[in-house]
Amino acid sequence: MSEADQIASLCRNCGATGAHGRCQTCGSARIVTHKELFRLGIAHIDCDAFFAAIEKRDDPSLRDKPVIIGGGKRGVVSTACYVARLNGVKSAMPMFKALAACPDAVVIKPNIEKYSAVGREIRQRMFNLTPQVEPLSIDEAFLDLTGTQGVHHASPAETLAHFAREIERDIGLTVSVGLAPNKFLAKIASDLDKPRGFAVIGTEESASFLHDKPVTIIPGIGPAMAKKLAGEGYHLLADIQRADPASLMKRHGEYGFRLYEMAHGRDNRRVDPDSERKSVSAETTFNEDIADLRALEVHLWRLCEKVSARMKAAELSGLTVTLKLKTASFATRTRAARLSDPTQLAGKLFEAGKHLLAHETDGTRFRLIGSGLSDLGNAEAADPADLADPDLGRKAGAERAVDKVRAKFGRDMVQRGLGFSPRPQSPDTRRKPDDAPGQKDK
Amino acid sequence: MRVTLERSALVKGLTHVHRVVERRNTIPILSNVLLRAADGTLGLRATDLDLEVTETVPAEVAQPGATTVPAHTLYDIVRKLPEGAQVSLSSSDDGTSVQLEAGRAKFTLQALPEADFPDLTAGDMDNSFTIEAGAFKRLIAKTQFAISTEETRYYLNGIFLHCTDGDDGDKVLRAVATDGHRLARVDITAPDGADGMPGIIVPRKAVAEIDRLIETSDSPLSIELSDSKIRFTIGAVVLTSKLIDGTFPDYTRVIPSGHDKILQVDTRSFERAVDLVSTVSSERGRAVKLSVGDGHVVLTVNNPDSGTAMEEITASYDAEPIDIGFNARYLLDIAGQLESSEARFELSDPGSPTLVRDGDDASALYVLMPMRV
């Protein structure tokens, strides 16, 4: 057996290489073995139950208790710790359901500022490994460690295992690492061995590994697309692997080719530090097609709130507003407008989106609406005083007050109190602080 | 239709009307100019459905009638004909073309029927008044630069024109424009009959056209208003425009008062200094910092990509020193409107709107939002 064919292995506990079974150096059983282990360079790093783990770190008495981070009784679960997950609690589950499943859970209101600070510290440490870091959210990122061997005097796998140990030691949190030849597989890998995981998917086994996975494992395939693919006979990636790429492209255009490539474990997207995020958007597909402007505005408003919440959480602002519509016959219309100043407010996003929408509602029936912000910048530049909108400061204050109420009591409560009907003309003017119980927080 | 007229008269008329016609049109008839010959005149009319300009020029009418031909083509032909040429226009019998002849030159232009030409004629014009054209030109010339191009806030895409009490209590006709970053407010004495007019928003294109149409300042300009339209008549030219159907924001609330830090600079020196230091500004962030102290202003630009710039000018200032940033482009736009030799800035703090006055001329004021520097 030549050296190249030997199965490479790495002890995640002490960093020793060449171990089999238990580590000969430290005796740990946390050995990762893979033929391509020392040849792969693209990683996805994801913190385990990030919000909950921080709270447990800061209050050791919570360590063995089920902890849920989220709004009050009417809110939803933002993060559940692994103890709570054992009881069936999942992210985005309504809080009352979560508490029914896990009555003794400790519910903690999210402290986004604290989590952001921890997230920034971890990201800084990632940048110490390589400049090729592409953050995906507050607690996860892609890293391209190809070619860093000379700098770190270690293979990417060893560098990553060392990184995971450091984060545990210095920050008190665990991360899961996925190592693969590309972003698509790395992202899947990081999820395989969670929490405190280290999983590898190599080039050789990628196609057979993906074989029995559902199509929804591909990023960007949601329930609507999955349903469409199922209608065409594609349920598992094996179905797509067998498909004729030409017919996939005929049906799904360029994306069809991407599907085919990804089903085979191929993905040539670069880890791009500058592409941090180009836009923030949300969209929804209706149960039944809608032509009515007012009804569309109701959906648009909810999406604007969603986008705005993401912008605020990510400390971003955006200058270009995009409206996306898909007609009943699947024609996509995208309309964009540039604002005079960057914003992160739902009210401003809605005002612009509504204007774009009004030009499109000509009786056409739509099946989908989406709203987004691009030309992103930092939050500091967002919503400066505006000579053409003397009430902006008050409206922004009102919106932030509502945000606080939501963080406290869950979004549904405020949604209902300030709901849309009968006329969603100007939601922000209805969201005066005196309407909202959170005014004392202003 | 058969008509003969002087090239110069036709060029003048077409110059006035052809600009309204968009170069690219999805509706063919909108590319055309309507020609109507009757009673010793040729009427010309062009429209983009929001704006319509008509002009009447003297002509020898051999056979009255009307037709439409491509506006830009006709204008280009007539422009290139020699001075003093006599131009004759005649419709074909079936109305599908127009023959143009001048000297030995001959053209045939495709025509579309007059009946298809859209008519923007307004209903009743409830308000009307007459004003000196030059005064009105001043009103729009000084506010036009601040009109917003942001399409989602369509109600800012024009000049807000209304009658109100001026700072000294007299009735004034006031024009206001803002894009959210800067605001211009200019008053002229209200002409008789303007008092009862509603507040209206005149769209950008109509503003630009009427500005061009006012060639001599002492001629009278007649203005008529309906709920949704405005009509300007100057000499033989009539411009009718739709108004912007929206509510202009309450600008009075953003005009600062009581700012006690008064900076006075020589307008032209200031303008030159801003222009000079902004040479190193980047395209996106064009901030210039004014460090205002006793008797002087230091202007600095710091562009990490290209370098730094600094200039100092003398000033009259005796309040607490202040550092405040502005967009250089906006400062130049405003300085360009100032006629007086002295520009007066009324400052509060680096985050609050600043008031700019044209010396002691109370009829014009400008508000400018500062930038973080």
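Tabulated values for the structure
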| quantity | calculated |
| --- | --- |
| Extreme residue, farthest from the other protein chains (Cβ to nearest Cβ), among residues of the stretch B:234-257 that are more than 24 Å from residue B:166 (Cα to Cα) and of a type in the set (Ser, Thr, Tyr) | B:240 |
| Total residues in the stretch B:252-290, condition open to solvent by 30 Å² or more (accessible area, probe 1.4 Å) and small (Gly, Ala, Ser) | 5 |
| Qualifying residue in the stretch B:150-159 (condition: crowded, with 16+ Cβ neighbours inside 10 Å, at pLDDT 95 or above and within 15 Å of residue B:198 (Cα to Cα)) | yes |
| Residue within the stretch B:312-323 that is over 14 Å from residue B:264 (Cα atoms) and under 25 Å from the mean Cα position of the chain (by Cα) present | no |
| Counted residues, the stretch A:15-28 - those being in a loop (DSSP other than H, G, I, E, B) and either closer than 17 Å to residue A:176 by Cα or touching a residue at least 24 places away in the same chain (Cβ under 8 Å) (or both) | 1 |
| The stretch A:322-345 - residue that is out of contact with any Phe, Trp or Tyr (no Cβ under 9 Å at 6 or more places or on another chain) and among the aliphatic types (A, V, I, L, M) and, of those, farthest from the other protein chains (Cβ to nearest Cβ) | A:331 |
| Residues of the stretch A:72-106 that turn out to be touching a helix residue (DSSP H, G or I) at 6+ places or on another chain (Cβ under 7 Å) and open to solvent by less than 10 Å² (accessible area, probe 1.4 Å), as a count | 6 |
| Test: residue in the stretch A:335-343 that is farther than 15 Å from residue B:150 by Cβ and assigned by TED's automatic domain parsing to the domain that holds residue A:406 | no |
| Of residues in the stretch A:280-289 being open to solvent by less than 30 Å² (accessible area, probe 1.4 Å) and of a type outside the set (Gly, Ala, Ser), the one farthest from residue A:336 (Cα to Cα) | A:286 |
| Residue in the stretch B:59-66 that is open to solvent by less than 10 Å² (accessible area, probe 1.4 Å) and in contact with a strand residue (DSSP E or B) (Cβ under 7 Å, 6 or more places away or on another chain) present | no |
| Residue check for residue B:291: closer than 13 Å to residue B:371 by Cβ and free of Cβ contacts under 8 Å to residues at least 60 places away in the same chain | no |
| Among the candidates B:254, B:280, residue that is of a type in the set (A, V, I, L, M, F, W, C) and more than 29 Å from residue B:207 (Cα to Cα) | B:280 |
| Residue list for the stretch B:221-233, restricted to those being closer than 21 Å to residue B:135 by Cβ and either within 14 Å of chain A (Cβ to nearest Cβ) or open to solvent by 20 Å² or more (accessible area, probe 1.4 Å) (or both) | B:222, B:224, B:231, B:233 |
| Number of positions in the stretch A:346-381 that are of a type in the set (A, V, I, L, M), more than 11 Å from chain B (Cβ to nearest Cβ) and surrounded by fewer than 24 Cβ atoms within 10 Å (Cβ to Cβ) | 3 |
| Verdict on residue B:107 being away from every other protein chain (no Cβ under 14 Å), open to solvent by less than 60 Å² (accessible area, probe 1.4 Å) and not aliphatic (A, V, I, L, M) | no |
| Residue count, the stretch A:216-238 (criterion: over 25 Å from the mean Cα position of the chain (by Cα), part of a helix (DSSP H, G or I) and touching a residue at least 12 places away in the same chain (Cβ under 8 Å)) | 1 |
| Only one of B:175, B:206, B:184 that is surrounded by 14 or more Cβ atoms within 10 Å (Cβ to Cβ), within 14 Å of chain A (Cβ to nearest Cβ) and at pLDDT 95 or above | B:184 |
| Filter result (closer than 30 Å to residue A:378 by Cβ and at pLDDT below 85) within the stretch A:230-280 | A:272, A:273, A:274, A:275, A:276, A:277, A:278 |
| Selection from the stretch B:74-94 of residues that are within 34 Å of the chain's Cα centre (by Cα), closer than 24 Å to residue B:116 by Cβ and surrounded by fewer than 17 Cβ atoms within 10 Å (Cβ to Cβ) | B:76 |
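The values are calculated or read from the model by the stated rules, or taken from the named source; none is laboratory data. Treat the numbers as computed from the prediction; the structure is a model and nothing was measured. Cβ coordinates were reconstructed from backbone atoms using ideal geometry, including for glycine residues, and neighbour counts include every protein chain displayed. To get the accessible areas, we keep the full protein, side chains included, count just its heavy atoms, and leave off ligands, DNA and RNA. Shrake-Rupley method; radii C 1.70, N 1.55, O 1.52, S 1.80 Å.
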